[in-house]
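Inspection log for the structure reproduced underneath, given as C-alpha cells.
The values are calculated or read from the model by the stated rules, or taken from the named source; none is laboratory data. In this text, all values refer to a predicted model and were calculated from it rather than measured experimentally. All Cβ positions, even for glycine, are placed from backbone atoms using ideal geometry, and neighbour counts span all protein chains on display. SASA here: full protein model, heavy atoms, side chains in, ligands and nucleic acids out. Shrake-Rupley method; radii C 1.70, N 1.55, O 1.52, S 1.80 Å.
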Amino acid sequence: ESAIRLIVHESVAIARAAGVALEENTVLEKIWSVARATKDNKSSMLQDLQRGRRTEIDAINGALLDRARSLGIAAPQNELLFHLVRAAGQNKTPRPT
C-alpha cells in the first residue's frame, strides 16, 4: 500500500506538471476500487510475465518516465517499478500457470 501511494504521488505530480489535472485521492480511490473488483483476476502484465511475453511496461511506465524526463522531474518510484518489471521479464522461458 505504501509503495502504491508513493508511485501515485509521483505520477500525479508528473501529470500536473504536464497540465493534466488529477487529484491524488481520486486516483488512489480508483486504484483500490479496481483492485477490490478484480482481486481474483490475473492482470495482463502478470500473464505476460508468466508466459514469457513482453509486457506493456514500456508503454505505461516507460511513457510516464519519458514525460517526467522531458519536464525535468525525477521519478524514482516509477523508475524502480519500471526496472523491476523489466527485470522480471528477462527470463523469456514461459513459467507454468
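Of Gly19, Gly52, Gly62, which has the largest mean-square fluctuation in a 10 Å C-alpha GNM of the chain? Sorting by GNM fluctuation, first place goes to Gly19.
Which one, Ile14, Met45, Thr26, projects farthest toward the positive side of the charge dipole computed for segment 6-93 from Cβ point charges (K/R +1, D/E -1)? The residue sitting farthest along the positive end of the dipole is Met45.
Within the accessible area of the chain, what % is carbon and sulfur when the probe is 1.4 Å and the other protein chains stay in place? Numbers along the way, then the final one.
Numbers: 3730 of 6640 Å².
Using a 1.4 Å probe with all protein chains present, the chain comes out at 56 percent carbon and sulfur.
With all protein chains kept in place, the per residue accessible area of the chain amounts to 68 square angstrom at a probe of 1.4 angstrom.
Using only alpha carbon pairs under 8 Å that are at least six residues apart, calculate the relative contact order of segment 15-86 and give it in whole percent. Mind dumping the intermediate values first?
Values: 26 pairs, mean separation 18.4, N = 72.
Averaging sequence separation for qualifying contacts and normalising by length gives 26 percent for segment 15-86.
Counting charges near Glu79 (Lys, Arg +1; Asp, Glu -1) among other residues having Cβ under 11 Å from its Cβ returns a value of +1.
With +1 on each Lys and Arg Cβ and -1 on each Asp and Glu Cβ, and nothing else charged, work out how big the dipole of the chain is about its Cα centre, in Debye to the nearest 20.
Computed charge dipole of the chain: roughly 440 debye.
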